[in-house]
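All remarks here apply to the structure that follows.
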Amino acid sequence: MKSLAAKNLKGKPLRTAVLVILSALLTFTVFGGTVIVESLDTGLASLENRLGADIMVVPYEAATQKKFEDMVLQGSTGYFYMDSSKLEMIKNTEGVKRVSPQFFLASTSSSCCSVAVQIIGFEPETDFTVTPWIKKSYGKDLEKLDVVVGNDLNAFVGDELSFYGVKCKVAAKLDKTGTGFDTAVFTTEETIKELIRSSLEKKMNDFKDIDPENSVSCIMIDVADGYTAEEVLNDINLHVKRVKAIQSAEMISGVSDSLSGVSGIIRILMTAIWVLGIVILLLAFTLSVNERRKEFAVLRVIGATRARLGRTVICEALIACLSGGAAGICLGILIILPFNDIIEQMLGLPFLLPDAVSIIKYVIIAVILSALSAVAASGTVAARISRIDTGVILRGDN
Amino acid sequence: MKENKKTAEIITEVILLLLSIVLTAGVKTFISPCEHKTDSGMWMACHWAGQAVFGAGTALCANSLLMLILKGRERTGLALANITLAVVTAFIPNTLINLCMKSEMRCHSVMKPAVIVISILIAAVSCVYIVINKNKE
Amino acid sequence: MLLEARNVSKDFYRETKNTNRFTAVNDISINVSAGELCVLMGRSGSGKTTLLNILSGLLKPTRGSVLLDGKDLYELSDRELSLIRNRSFGVIPQGQTAIQSLKVIENILLPLKLYGKADDKDISFARELLERLDIAHLETAAPAELSGGELRRMAIARALIGKPGFIFADEPTGDLDDENTALVFSFLKERAKAGSGVFIVSHESDAKEYADRVLIMQSGKIERA
């Protein structure tokens, strides 16, 4: 009976178009919505993963002006320094298991065709935050003047990047994280000090009264067992002057709050569109079948079983909804996937597309859902039409 | 029956022309690459990718316009040319011509995906057109 | 083959309450045998169509049974009864009964396609029927392009495509002119001669000329046989 269903659909192009567009919209909504919600979740997980330290200490002004947060979340460039003596003080604070300093530098956009990027220097001997993920992409230690680039930078392994006239080699490219670190360049302390020196020599940078050799930008802290991050944080904020200790968990929970807000709105919208869509589908099927009550009675007269009538109705629904579903998925893939960067910027939250396998999973889920709603909406109508009293319908025609 | 095929043809031809115009005009307006010149007064890298897309887009517009005006079999040839040209256009941003440094910049987040999507659509609609045109025979 | 109705009655309930019962067919027993053309006449509302629907396996009687070669139709499963309707019965219902999305020839072949495929022999038989019913030129037309009389003849061809043992026709000449009425009656008569049992509901007095047996129905009862 597949051909009869197909011909019925072809016979009423307008009605079919409405059904197809409606199910395209439904599938697009569930696919697009799921991908966005999942991307936010993946982004948050990746942020948690990449912060890597329990507590981060930055100069007081950097924290109050949200410089540091913007750097991590938005990928904006910035630099700030504090005296490296703070490192010793913090190291000796009770409850601190290990510390590692980082150095920030922003390259200028003076040379042609390049823009300011955030350069983050770490101390290879003590580092426990950056190294693990560099290890993942690049098995070896970084040589002098080697850099590792974030995934959103348009540079590839083997490329030469010039910062303040110093040519650096791209040794590795990191996986995408959905955070501000995607546009950063990572290198060792040794290299970044070299870059700072060069920038001062070329008068391309002005540190005023700061001595680059004795400065750090940020201190990453791991808290020892038996101490809470909160205790250590309070201790540092109380005893070390002009710095601000930030708890990673707090930064993440701030992000996670606004994220669950966005996710919640998307989920509500998704549900609303689905409920509405299924009601409209149900209505459309009811109308289209009622209009053809007589035709279904005729099918019974010429020997179609009840089951066959039901199958014809469900088959019509499935053809319409699955082709609409396919269109919806194509639309989703053409909009959400290529434009994910602009979506990320609009949301202003960590946003990391799920991997291909997960996306295929969502495609399958969306198609199954669209097929299920087609069966659910047409099934009730099919059940009703299969119970029709043929004799009564035909008699009622006099 | 024949009348219907004709409308289907005209509709696809108009869609092709519209897509080509959106691509060509768009790359100069709402899907333009990063605008600002750098301090040295030179254009950013992505500007040249935008120019190349504009050039290819103009050719696509011309092809599509010809398809709409002409009536004979040569329109299939134009559609075939559209497919290759559209595929090449999709590869212009960042594969054939480098874009800017960070993928959060406009040329990466707006121009590249838009050019790729529109190019794919042009290629796909051209394929559909060839099928429709062939069925008519 | 023998089709026999034993003491069949059909009650309808007006409105939804069971109080206002109306008996359309009242305790009727008749036989229709192969090779016989039987015409059922009577005023409208006398229960003719209801009786035809009961006989053709479309309407379960409230009381009584309908036996086809001894098998009670309404004791069969839906699938078995549907198969009998498809293979052994050809019904020409009242009114317009085309499937709008199918062409004329597809409508006619539909009963065969329900349980299999229509082969070349079936298609040429369908063309023969169209020819005989004088609508051969409409083979590939859509039902919407046909007149009432043409649709009626298409429904007749559809009922006959499976060469059924029993043919049920409810006012088959309702919207036909005299010439086509004669054409249809003589055609049905021919089928009866070929061995089918033909049961026609009609108030066309012409029908009597073709009938082997004329039944008159009044108020749910067969008055005269």
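The values are calculated or read from the model by the stated rules, or taken from the named source; none is laboratory data. Not measured: the values here are computed from a predicted model. With ideal geometry, Cβ positions are generated from the backbone for all residues, glycine too; neighbour counts draw on all protein chains shown.
Observations on the model:
- Applying the criterion of being outside any helix (DSSP H, G or I) and surrounded by fewer than 24 Cβ atoms within 10 Å (Cβ to Cβ) to the residues of the range A:280-306, the residue that is farthest from the other protein chains (Cβ to nearest Cβ) is A:291.
- Residues in the range A:117-161 that are in a strand (DSSP E or B) and either aromatic (Phe, Trp, Tyr) or within 12 Å of chain B (Cβ to nearest Cβ) (or both): A:118, A:122, A:149, A:153, A:161.
- Subset of the range B:84-113 that is at the interface with chain A (Cβ under 9 Å from one of its Cβ atoms), surrounded by fewer than 22 Cβ atoms within 10 Å (Cβ to Cβ) and within 18 Å of the chain's Cα centre (by Cα) - its residue that is nearest to residue A:119 (Cα to Cα): B:94
- Some residue of the range C:49-64 being more than 17 Å from residue C:169 (Cα to Cα) and part of a strand (DSSP E or B): yes
- Some residue of the range A:59-69 being more than 14 Å from every other protein chain (Cβ to nearest Cβ), modelled with pLDDT of 85 or more and at positive phi: no
- In the range A:106-129, the residue that is nearest to residue A:198 (Cα to Cα) out of those that are modelled with pLDDT under 85 and of a type in the set (A, V, I, L, M, F, W, C) is A:106.
- Residue check: residue C:106 meets all listed conditions (1) within 14 Å of chain A (Cβ to nearest Cβ); (2) loosely packed, with under 15 Cβ neighbours inside 10 Å; (3) assigned to a helix (DSSP H, G or I) but one, namely (2).
- Condition met for residue A:195 (closer than 30 Å to residue A:98 by Cβ and either surrounded by 15 or more Cβ atoms within 10 Å (Cβ to Cβ) or among the β-branched types (Val, Ile, Thr) (or both)): yes
- Failed criterion for residue A:315 (all others in (1) within 30 Å of residue C:170 (Cα to Cα); (2) within 14 Å of chain C (Cβ to nearest Cβ); (3) in a helix (DSSP H, G or I) hold): (1)
- The helices (runs of 4 or more DSSP H) located wholly in the range A:1-67 that include 3 or more residues which are out of contact with any His (no Cβ under 6 Å at 6 or more places or on another chain) and closer than 17 Å to residue A:323 by Cα occupy A:2-11, A:13-51.
Let's see how each residue does on (1) closer than 30 Å to residue B:44 by Cβ; (2) assigned by TED's automatic domain parsing to the domain that holds residue A:133; (3) not hydroxyl-bearing (Ser, Thr, Tyr):
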| residue | (1), (2), (3) |
| --- | --- |
| A:151 | yes, yes, yes |
| A:171 | yes, yes, yes |
| A:189 | no, yes, yes |
| A:198 | yes, yes, no |
| A:202 | yes, yes, yes |
| A:217 | yes, yes, no |
| A:238 | no, yes, yes |
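- Subset of the range A:344-360 [over 9 Å from the mean Cα position of the chain (by Cα), modelled with pLDDT under 90 and under 18 Å from residue A:266 (Cα atoms)]: A:345, A:346, A:347, A:348
- Residue match in the range C:200-207 (condition: in a loop (DSSP other than H, G, I, E, B) and among the polar types (S, T, N, Q)): yes
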